[in-house]
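Trainee: Quick one: structure below, then a few questions.
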Amino acid sequence: MKPLRVFAALAALAILEMGVATMSHASTTPVLVIHGGSGVIKRNLDHARENQVRAALARALQSGYAQLKAGKPALDGITAALTVLEDDPNFNAGRGAVFTHDGRNELDAAIMDGSTLRAGAVAGVERVKNPILLARAVMEKSQHVMLIGQGAEAFAKEAGISLVDPSYFRTEQRWQQLQKALKEDREGKPHSDIETAKHFGTVGAVALDARGHLAAGTSTGGMTDKRWGRVGDSPIIGAGTYANADCAVSGTGWGEFYLRTVAAHAICMRVSLMHVPLERAAAEVINQEIPSMGGNGGAIALDARGNIAMPFNTDGMYRGWIGGDGVAHVAIYDDERGAPTGADESDTAPFQPSP
Ligand code: ASP
């Protein structure tokens, strides 16, 4: 073959490969994955509550997915889903958040746009009805990434974000959880079953929109009985929340370990730089690295092809997803496959991430 023809053939091949690479990279079918926390979830303990949680997860999925279906960005999908969960008292975020040692609710949240790497976060806010909306406002309306406490609330006022009286967040169940923890503190006992339950109920969402862009968000009250202005991983970009062009992650678990492993970023770097498949990347960090250090918890992860991973090493993780089939799936326990909401659990095939 003449050199010119060889060159033309090679160029054509390169163009073809570029096309294939681009095509196989991003999916244009929207995907939404949410979690409502990991921890001690005793099967058959409280059917009524379990049904409420499943219904809330389904509502959050529908609300978020409606945005994605309408062609809205991934950020809108996760914000819509997370505000539903923050408003629901069954979760440790917004209304229903856990109490600090001195009987207050201090809320943390973060959001990240994978396509621009913009991020916003808030920590220790006590009067913001929906902390995820404030995190988003920090990202979109301020020069900063993270605001805390009273300063964050002053910014909320300026940004037109709803403030409420702190009593809005109180639920009797969370108050009793604190009383139990305080009693055990006084008796010098380690926290009993709430040792893990106390970091349970955080909410998170990751989404892929029709343009192939990813976003992640997390909102939490943190851990029952927390002291001294403790902040966990959820509002720390890279630890509990992270998104880039290839990968989006929201974690839930014992925050100190997610901070030390920079868990969400660690998962996404495995995917982005080492080209590790999402499911393996998430399992390595959540089910190997974190437990090997003495921590526990779970995470939801999504890649730009629409693959989903939901590893956890606790009794259960409240979770839900709408993938390529457009159907809402909700699951709690390890052996659950995520029947479409409204269907019998035994009706469905085991969940496989989409190819
Ligand atoms: N990771 C959260 C924190 O440590 C709690 C949770 O996910 O349940 O604040």
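The values are calculated or read from the model by the stated rules, or taken from the named source; none is laboratory data. Quick caveat, the model's predicted, so the values are computed rather than measured. Positions of Cβ are generated from backbone atoms using ideal geometry, with glycine treated the same way; all protein chains shown enter the neighbour counts. What goes into the accessible areas is simple: the full protein's heavy atoms, side chains included, and nothing from ligands, DNA or RNA. Shrake-Rupley method; radii C 1.70, N 1.55, O 1.52, S 1.80 Å.
Trainee: Would you call S192 of a type in the set (G, A, S), away from the ligand (no atom under 16 Å from the Cβ) and modelled with pLDDT of 90 or more?
Mentor: Details: of a type in the set (G, A, S): yes; away from the ligand (no atom under 16 Å from the Cβ): yes; modelled with pLDDT of 90 or more: no.
So S192 fails the test.
Trainee: In segment 127-146, which residues are open to solvent by less than 10 Å² (accessible area, probe 1.4 Å) and among the β-branched types (V, I, T)?
Mentor: Going residue by residue through segment 127-146, those that are open to solvent by less than 10 Å² (accessible area, probe 1.4 Å) are 128, 131-132, 134-135, 137-138.
V128, I132, V138 - these are the residues of segment 127-146 that are open to solvent by less than 10 Å² (accessible area, probe 1.4 Å) and among the β-branched types (V, I, T).
Trainee: Of the conditions (1) open to solvent by less than 10 Å² (accessible area, probe 1.4 Å); (2) closer than 25 Å to I111 by Cβ, L178 satisfies every one except a single condition; which number is it?
Mentor: Status for L178: all satisfied but (2).
Trainee: Let me ask another. Tell me the residue from A137, A119 that is touching a residue at least 40 places away in the same chain (Cβ under 8 Å) and within 24 Å of the chain's Cα centre (by Cα), please.
Mentor: Answer to the check: A119.
Trainee: How about segment 201-320: which helices (runs of 4 or more DSSP H) wholly inside it have at least 1 residues that are free of Cβ contacts under 8 Å to residues at least 12 places away in the same chain and surrounded by fewer than 24 Cβ atoms within 10 Å (Cβ to Cβ)?
Mentor: 263-274, 278-283
Trainee: Answer yes or no: is there a residue in segment 152-161 that is of a type outside the set (D, E), closer than 21 Å to K226 by Cα and in contact (Cβ under 8 Å) with a residue 12 or more places away in the chain.
Mentor: Yes, there is a match, as at least one residue in segment 152-161 is of a type outside the set (D, E), closer than 21 Å to K226 by Cα and in contact (Cβ under 8 Å) with a residue 12 or more places away in the chain.
Trainee: Further question on the same structure: Taking the residues in segment 206-223 that are modelled with pLDDT of 95 or more, under 21 Å from A263 (Cα atoms) and hydrophobic (A, V, I, L, M, F, W, C) as candidates, determine which candidate is farthest from the ligand (Cβ to nearest atom).
Mentor: The selected residue is L208.
Trainee: K72 versus (1) surrounded by fewer than 23 Cβ atoms within 10 Å (Cβ to Cβ); (2) within 20 Å of A121 (Cα to Cα): which is the lone unmet condition?
Mentor: With respect to (1) surrounded by fewer than 23 Cβ atoms within 10 Å (Cβ to Cβ); (2) within 20 Å of A121 (Cα to Cα), K72 is out only on (2).
Trainee: Evaluate segment 106-120: report whether one residue or more is surrounded by 24 or more Cβ atoms within 10 Å (Cβ to Cβ), over 14 Å from P235 (Cβ atoms) and either out of contact with any Leu (no Cβ under 8 Å at 6 or more places or on another chain) or of a type outside the set (S, T, N, Q) (or both).
Mentor: So far as segment 106-120 goes, yes, one or more of its residues are surrounded by 24 or more Cβ atoms within 10 Å (Cβ to Cβ), over 14 Å from P235 (Cβ atoms) and either out of contact with any Leu (no Cβ under 8 Å at 6 or more places or on another chain) or of a type outside the set (S, T, N, Q) (or both).
Trainee: Output the residues belonging to segment 234-255 that are near the ligand (Cβ under 10 Å from one of its atoms) and touching a Lys or Arg at 6+ places or on another chain (Cβ under 9 Å).
Mentor: Within segment 234-255, A239, G255 meet the criteria.
Matching residues to (1) in contact with a helix residue (DSSP H, G or I) (Cβ under 8 Å, 6 or more places away or on another chain); (2) at pLDDT 95 or above:
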| position | (1), (2) |
| --- | --- |
| S272 | no, yes |
| L278 | yes, yes |
| M293 | yes, yes |
| A304 | yes, yes |
| P311 | yes, yes |
| G316 | no, no |
